[in-house]
Amino acid sequence: MEMTIMGQKELQERVHRAQLCTGCGACVNLCPYQVFYQDQTIVLDACDIKEGRCFAFCPRTPADLEAMRRRFFAPGDLTPEIGAVKGYLIARAADAAIRTGAQHGGTVSALMALALAEGLIDTAIVAEGADRFLQQGVAVGDGAEVLKRGKSKFITAATVAAFNRAAKGPAGAIGVVATPCQVFALAKMRMKPLPERDNNIDKLKLVIGLFCGWALDWRKFTALLAARTALEDITGMDIPQGRRLVVIYTRNGALEIPWDEVAPIAREACGVCVDTTAEFADLSVGSARIGETWETTRTWNQVIVRTEAGQALIDLARRKGVLEFREPPAGVLDELKAAARDKKKASLEKIIARTGNPEDLIYVDRRDPVIRAILD
Amino acid sequence: MSKLIDPREGVRVLLMGNEAIVRGALEAGVNVAAGYPGTPSSEIVQNLADVAGERNLYVEWSVNEKVAMEVAAAASFAKLRSLCAMKQNGVNVASDFLLHLTAAGTRGGMVLVACDDPGALSSVNEGESRHFARMVEVPLLEPGDFQEAKDMTKWAFELSEEIRNLVVLRSVTRMSHASGNVTLGRLSDAQPKAEFKYDGFILDPLEGPVVSAPVPYKHTLQQEKLKRVREIFEGSPFNTYAGPEKPDLLVVTSSACTLYSREAIHVLGVKDRVGLLKLGTTWPLPPELLKRHLASTDRVLIVEEVIPFLEENVKILAAETALEIGAKTFFGKNDGTLPSIGELNPDLVAAAIAKILGIDHVAMPPDYEKKATLMSFAKAPNRELTFCPGCPHRASFWAIHHALLMDNRLGFVCGDIGCYSMAALPCGFSTLKTLHAMGSGAGVASGFGQLHRFGMEQPAMTVCGDSTFFASVMPALVNAIHHRADLTVVVLDNSGTAMTGFQPHPGLKVNAMGGDVPALDIARICAAMGAKVEVRDPFQLEEARGTLIGLLEEKGVKVLIMRQMCALSPEKRAKKKYEVQVDEALCLGETCGCNRLCTRVFRCPGLVWDKERKKARVDEVLCAGCGVCALICPAEAIRKEEVA
Ligand SMILES: Cc1cc2nc3c(=O)[nH]c(=O)nc-3n(C[C@H](O)[C@H](O)[C@H](O)COP(=O)(O)OP(=O)(O)OC[C@H]3O[C@@H](n4cnc5c(N)ncnc54)[C@H](O)[C@@H]3O)c2cc1C
Ligand code: SF4
Ligand code: SF4
Ligand code: SF4
Ligand code: SF4
């Protein structure tokens, strides 16, 4: 597969028009040509640069996955299903107040707040809700601000666009909470594909990835909810482990929407995503698998430690008593791997259905050993 | 004192065609003139307005051409002499009234000056007004030079009074805008009193009510008058012939083509073989005159621009008189001897004559055109059609085009006629997707605004100028609001009829004659109609864009007035608001991160790309100092400083 870097024209043809854009925001705030509006990345004017950062950083343009794995991870840690695993934990924020403001166990918020407090980073990029359930990435400099922005946003937040902006500014060390596509874009930046225009990527010191199955299309989502609740009343939403439904928490109680109604409003691009565990992060966090009631499960996270930096942060959190842990039940890691593998396979099959050619996987490298292991 | 009111009879002055027409009207003692601006007609009403005080005239820029003709008609009904002037497209607008007017007849001399634009030099089509004369059965005059432009105009008023109906005087761009020597005649000193008589018998053309009924009677009368006109035309000095008694070829022509034909005959040196029948009275054709000349030869070339109007009329006459004059071979547009589109010129006419006569003539060396193009490129900078530096339309369309993209539903803009029509081109970011008559953008968008019931999800938008708003957008807006269309209207309010030279319109406090008049407020009109209205300054790019995006999401009719004066307005021209400069150290130039946004995409002519230094630069001479480019630069390299 050709890894040539191209320009905005090709990005538009191969990613935007092909409905592959994840809305990660990697191509936004680099220049005046792409903006993020509502939950979409919009190309405002044509740019004719042959090799652009927009194309180079986009998670939906070809990448040499093997080179990236070699660069970021210890070879012994690599697994074909969920990437590098240095450690696997069930954890949550020790402070119950943090958990209340969080999606699950509050691990992500607690770790980011800790990184700021300890000076590992001076700027954290997180997602915050805006008007009408729209989301945006923001840069904050203080743990308390991180804690205010807990909870998962199932509408894309263009976090990488916020990183791009922050990296241009006075920030010295930046940490980012990101979904897998965003994590992947940041990893591509770290490879410095266009060395003279490296986007100050060396400022990126910490990436906490979120597990992710899909994000929703905002317009379709608002249409779906129009008959059920006012957007302003929504306080959160979740996908309870193992049940085929989505829960919308509102000021007037929880709404359960069957999965079959939600699936069609997922972003087109999410259907062809091969990464559910944010394989290129320092740490990846998702909802726990502990085989208990959802009410309990909900208050815990599962965490994959992938890099030295990730391990150091977990160790620090343990020493400082910021996180609490419990033993992962037997077999959950295998369960997670099987689920991740299934999603990879399903996505690859969708890609092949699109191209009609089992050798053409659009943005995925057919020769990559992990991909070969799944397909062959 | 304006040369147009020079009292010295018999002196020769250099006049533009439109000025000659004005002088002719003044010599005829015109009292009232009305029009709507449109190239190439605009100077006529403006020049009359300029001497309105001295000559005791009433002159107005009417809200549109139909109203202009109505205003002029009223003067005629009150036995004054009146003139209305408009470009061809305007005659289309006025044509509804035109048919009624000519069916009912006029009283004081009334002349319609229709200026066509063959080649569409400043139009979006090559419309023809000559047909209207035939359609509504009134006389048509076409001056063939500048003296005639004056003399014919004067005579047109007399003819109108003789037949008690409108006379159409048709000019073309090259006649209206070129200049030539004209010998002045006497200025009229008539001081008629206006009075409208209506108590007479219904059939009394001067004292009865002005109506077209009873139709059989009035229509018959009108046709009889036209027959009378034909007789008058037989002896008209505006029809001339030059050439041998029995020419090998007869060229029949009129208007600006007279000059081209004369030159072609001269260049080919065939004045002994080719006869030139130049007609000034082109409808109805004088049959005896035509017959006489047609009988003198058997080859006839008809030279006219665009549609074969004259050609067809001559052919009909020839068919009717075939037994007397014999069979002819006709050359012209129908057989392809001359092109049916665009302007003609002496070369084209010479080539046609040479071909018919079998003369070896190369009008231009084959590579002449190529060489000429090359030379003109070498000498003149290659300038694309674009908005002026500091033009508010560039800023408005920047906001509009980005708002539509961000809205992300493939929305589009329906346009109409104004400087802003250029927004169909890259200078306006190719934003207009339909482009039709004045006011049609709003009407077409009003129609699109109903199609959601057929599954259309794209939002419809329209733009119009402030003058156009009054001229013809208001009815479309009423229609859209009344029928609950979903549509966003952007009024590009640049405080004047900028395209045609800042003629005042009902939104301004001054009229054509410089008098004080009440200004009508577009925002209040729209609000009173029931639209949601916002007013923004397009130079505040982000705010304007944000407002538009918000409006696009709402249902119903929403109006955004983008208010910012035209860069060429007399108020602005004098002074720059900002001193603007590029900080070279910050300019990103061609690199990824900017790629020349200012000179490649935004493209204000005030910004130039320095190829050597690979940096943008502000051309101090061209820059109008609007400061807008400073807002778009991603590197804050464009610095603006308010001029004290
Ligand atoms: C779109 C989406 C889909 C997900 N799907 C799954 C899934 O299928 N399975 C699973 O186990 N887990 C999934 N998660 C992760 C899960 O919802 C929790 O975020 C994770 O378990 C961490 O919980 P926490 O309590 O530590 O998070 P919190 O402490 O609440 O912190 C969450 C952090 O993520 C940031 N954030 C929220 N939304 C976004 C976003 N859209 N983009 C970038 N940053 C964001 C917040 O600003 C906050 O900093 C998904 C998350 C998202 C955003
Ligand atoms: S190539 Fe560079 S300047 Fe052009 S659109 Fe992409 S990121 Fe922007
Ligand atoms: S996936 Fe990200 S980088 Fe690629 S086009 Fe979309 S927003 Fe831009
Ligand atoms: S927009 Fe700014 S950075 Fe880009 S070329 Fe122009 S002046 Fe330079
Ligand atoms: S300030 Fe900028 S946009 Fe305005 S006229 Fe000058 S160069 Fe053009």
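Say whether the condition of being within 16 Å of ligand 4 (Cβ to nearest atom) and either modelled with pLDDT under 95 or not polar (S, T, N, Q) (or both) is met by at least one residue in the range A:162-173.
yes
Among the residues that make up the range A:173-195, is at least one of them surrounded by 20 or more Cβ atoms within 10 Å (Cβ to Cβ), out of contact with any Pro (no Cβ under 7 Å at 6 or more places or on another chain) and assigned to a loop (DSSP other than H, G, I, E, B)?
Taking every residue of the range A:173-195 in turn, at least one turns out to be surrounded by 20 or more Cβ atoms within 10 Å (Cβ to Cβ), out of contact with any Pro (no Cβ under 7 Å at 6 or more places or on another chain) and assigned to a loop (DSSP other than H, G, I, E, B).
Tell me which residues, restricted to the range B:317-334, are out of contact with any strand residue (DSSP E or B) (no Cβ under 6 Å at 6 or more places or on another chain), in a loop (DSSP other than H, G, I, E, B) and surrounded by 12 or more Cβ atoms within 10 Å (Cβ to Cβ).
Selection gives B:T321, B:G326, B:K333, B:N334.
Considering only the range A:15-48, state which residues are more than 9 Å from every other protein chain (Cβ to nearest Cβ), touching a residue at least 24 places away in the same chain (Cβ under 8 Å) and surrounded by fewer than 19 Cβ atoms within 10 Å (Cβ to Cβ).
Selection gives A:A18, A:Q19.
Regarding the range A:258-267, can at least one residue be identified that is within 22 Å of A:I98 (Cα to Cα), without any contact (Cβ under 8 Å) to a residue 60 or more places away in the chain and not acidic (D, E)?
Looking through the range A:258-267, none of the residues is within 22 Å of A:I98 (Cα to Cα), without any contact (Cβ under 8 Å) to a residue 60 or more places away in the chain and not acidic (D, E).
Can you confirm whether A:G143 is away from ligand 2 (no atom under 16 Å from the Cβ), buried (at least 17 other Cβ atoms within 10 Å of the Cβ), within 20 Å of the chain's Cα centre (by Cα) and among the small types (G, A, S)?
no
So A:V322 clears everything in (1) surrounded by fewer than 16 Cβ atoms within 10 Å (Cβ to Cβ); (2) touching a helix residue (DSSP H, G or I) at 6+ places or on another chain (Cβ under 9 Å); (3) at pLDDT 95 or above except one condition, right? Which one?
All conditions pass for A:V322, except number (1).
Mind checking which residues of the range A:28-47 are in a loop (DSSP other than H, G, I, E, B) and more than 16 Å from ligand 1 (Cβ to nearest atom)?
Hits for the range A:28-47 are A:L30, A:C31, A:P32, A:Y33, A:L44, A:D45, A:A46, A:C47.
In the range B:604-633, how many are in a loop (DSSP other than H, G, I, E, B) and crowded, with 19+ Cβ neighbours inside 10 Å?
Counting residues in the range B:604-633 that are in a loop (DSSP other than H, G, I, E, B) and crowded, with 19+ Cβ neighbours inside 10 Å gives 9.
Before we move on, is B:C566 closer than 23 Å to A:G52 by Cβ and away from ligand 3 (no atom under 16 Å from the Cβ)?
Criteria not met by B:C566.
Would you tally the residues in the range B:584-600 being touching a residue at least 40 places away in the same chain (Cβ under 8 Å) and within 14 Å of ligand 5 (Cβ to nearest atom)?
Number satisfying all stated conditions: 2.
List every residue pair whose Cβ atoms lie under 8 Å apart, where the two residues are 6 or more positions apart in sequence or sit on different chains, the first residue falls within the range B:442-469 and is touching a residue at least 12 places away in the same chain (Cβ under 8 Å), and the second residue, located anywhere, is hydroxyl-bearing (S, T, Y) and surrounded by fewer than 20 Cβ atoms within 10 Å (Cβ to Cβ).
B:V444/B:T434
Take A:R306 and decide whether it is in contact with a strand residue (DSSP E or B) (Cβ under 9 Å, 6 or more places away or on another chain), among the basic types (K, R), in the same structural domain as A:D95 (by TED's automatic domain parsing) and crowded, with 24+ Cβ neighbours inside 10 Å.
It is true that A:R306 is in contact with a strand residue (DSSP E or B) (Cβ under 9 Å, 6 or more places away or on another chain), among the basic types (K, R), in the same structural domain as A:D95 (by TED's automatic domain parsing) and crowded, with 24+ Cβ neighbours inside 10 Å.
Can you name the condition, by its number, that B:D619 falls short on among (1) within 14 Å of chain A (Cβ to nearest Cβ); (2) closer than 21 Å to B:C388 by Cβ; (3) of a type in the set (D, E)?
(1)
Taking A:E232 as the residue in question, decide whether it is over 20 Å from the mean Cα position of the chain (by Cα), in the same structural domain as A:D360 (by TED's automatic domain parsing), of a type in the set (D, E) and assigned to a helix (DSSP H, G or I).
When the stated conditions are applied, A:E232 does not pass them.
Could you go through the range B:277-285 and let me know if any residue there is over 27 Å from the mean Cα position of the chain (by Cα) and either in contact (Cβ under 8 Å) with a residue 60 or more places away in the chain or under 25 Å from B:L169 (Cα atoms) (or both).
yes
For the range A:96-104, indicate whether the set of residues that are in a loop (DSSP other than H, G, I, E, B), within 14 Å of chain B (Cβ to nearest Cβ) and away from ligand 5 (no atom under 16 Å from the Cβ) is non-empty.
Within the range A:96-104, not a single residue is in a loop (DSSP other than H, G, I, E, B), within 14 Å of chain B (Cβ to nearest Cβ) and away from ligand 5 (no atom under 16 Å from the Cβ).
Looking at B:E311, B:E305 in this structure, which one is crowded, with 16+ Cβ neighbours inside 10 Å, in a loop (DSSP other than H, G, I, E, B), among the acidic types (D, E) and touching a strand residue (DSSP E or B) at 6+ places or on another chain (Cβ under 9 Å)?
Testing whether each residue is crowded, with 16+ Cβ neighbours inside 10 Å, in a loop (DSSP other than H, G, I, E, B), among the acidic types (D, E) and touching a strand residue (DSSP E or B) at 6+ places or on another chain (Cβ under 9 Å) leaves just B:E305.
B:G593: within 16 Å of ligand 3 (Cβ to nearest atom) and more than 34 Å from the chain's Cα centre (by Cα), yes or no?
Considered against the rule, which asks whether it is within 16 Å of ligand 3 (Cβ to nearest atom) and more than 34 Å from the chain's Cα centre (by Cα), B:G593 comes out as yes.
Against the condition within 14 Å of chain B (Cβ to nearest Cβ), surrounded by fewer than 24 Cβ atoms within 10 Å (Cβ to Cβ) and in contact with a strand residue (DSSP E or B) (Cβ under 9 Å, 6 or more places away or on another chain), how does A:W214 come out, does it pass?
no
Working only within the range B:556-606, note down all residues that are away from ligand 2 (no atom under 16 Å from the Cβ) and β-branched (V, I, T).
Those that are away from ligand 2 (no atom under 16 Å from the Cβ) and β-branched (V, I, T): B:V557, B:V559, B:I561, B:V580, B:V582.
Step by step: first the residues of the range B:386-425, then only those that are assigned to a loop (DSSP other than H, G, I, E, B) and surrounded by fewer than 23 Cβ atoms within 10 Å (Cβ to Cβ), then the one that is nearest to the other protein chains (Cβ to nearest Cβ). Which residue is that?
In this case the residue turns out to be B:N408.
Suppose we keep only residues that are of a type in the set (D, E) and within 13 Å of A:I5 (Cα to Cα) within the range A:49-69. Which one would you say is farthest from the other protein chains (Cβ to nearest Cβ)?
The residue in question is A:D64.
Looking at (1) modelled with pLDDT of 95 or more; (2) under 25 Å from B:S122 (Cα atoms); (3) out of contact with any strand residue (DSSP E or B) (no Cβ under 8 Å at 6 or more places or on another chain), find the lone condition where B:M456 falls short.
Just one mismatch for B:M456, condition (2).
Residue check: is A:N164 within 14 Å of chain B (Cβ to nearest Cβ), on the phi > 0 side of the Ramachandran plot and touching a residue at least 12 places away in the same chain (Cβ under 8 Å)?
no
Restricting to the range B:451-495, name every residue that is within 17 Å of B:S440 (Cα to Cα) and among the charged types (D, E, K, R).
Residues satisfying the conditions are B:D466, B:D486.
Sort through B:K640, B:K615, B:K611 and tell me the only one that's over 38 Å from the mean Cα position of the chain (by Cα) and within 10 Å of ligand 4 (Cβ to nearest atom).
B:K615
Name every residue in the range A:125-174 that is more than 22 Å from A:R190 (Cβ to Cβ) and among the basic types (K, R), in order of residue number.
Once the filter is applied, which keeps residues that are more than 22 Å from A:R190 (Cβ to Cβ) and among the basic types (K, R), the range A:125-174 yields A:R132, A:K148, A:R149, A:K151, A:K153.
The values are calculated or read from the model by the stated rules, or taken from the named source; none is laboratory data. Source: prediction; values computed, not measured. Methodologically, a virtual Cβ is constructed for each residue, glycine included, from the backbone with ideal geometry; neighbour enumeration extends over all protein chains shown.
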